[in-house]
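Heads up: the structure comes next, in structure tokens.
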Amino acid sequence: MKTLCTKMSKIRWTVEENIIIQTVYPSEGPEGCADRLLGRTERAIICQAVRLGIKYREWTESEERILNTLFESYGALVCSLALPKRSYDAVRVKAAKMGLVNKKKAKHVNGDIMKAHDMAFHRAWI
């Protein structure tokens, strides 16, 4: 029985490539990494992520609803605070894929960020 990662490439993975996989793969998966790692196939990226112990996590319907509700009014920073398992970059990328646009781009940043942070912090303790 063959596994996905049996064939090894002769081209060694660089530190920079591994950093890209570590930062991009959890939120964007192999497709997002392939856009940044020219010359590496999605299959090779998946295998390297497995070797590095990195997992890709699909967005849940609940997370997408929160993004739909908050992003256009408050932007990626507030959404990333309301979604503690998602990074700022993951939120920005997902919002772009969903066609969401931040209409008010940080006009009411100070108070609203603190409210969102307090909500996220409070939710973490429930």
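The gain in end-to-end length when the Val101 to Glu16 segment is fully stretched comes to 27.5 nm, 0.36 nm per residue minus the alpha carbon separation. Sorted largest first by accessible area at a 1.4 angstrom probe radius, with every protein chain in place, the residues Leu38, Leu100 fall in the order Leu38, Leu100. Once the 1.4 Å probe is applied to the protein heavy atoms, segment 27-67 comes out at 59 Å² accessible per residue. Rounded to 0.05, the FRET efficiency of the Ser62 and Glu42 pair, given R0 = 22 Å and the Cβ-Cβ distance, is 0.20.
Computed packing ranks the peptides 22-35, 68-81 as 68-81, 22-35, most packed first, by mean other Cβ atoms within 10 Å.
The values are calculated or read from the model by the stated rules, or taken from the named source; none is laboratory data. The structure presented is a predicted model; accordingly, all values stated were derived computationally and were not measured. FYI the Cβ positions are ideal-geometry reconstructions off the backbone, even for glycines, and counts take in every protein chain you see. Side chains are part of the model used for accessible areas, which takes the heavy atoms of the whole protein and leaves out ligands, DNA and RNA. Shrake-Rupley method; radii C 1.70, N 1.55, O 1.52, S 1.80 Å.
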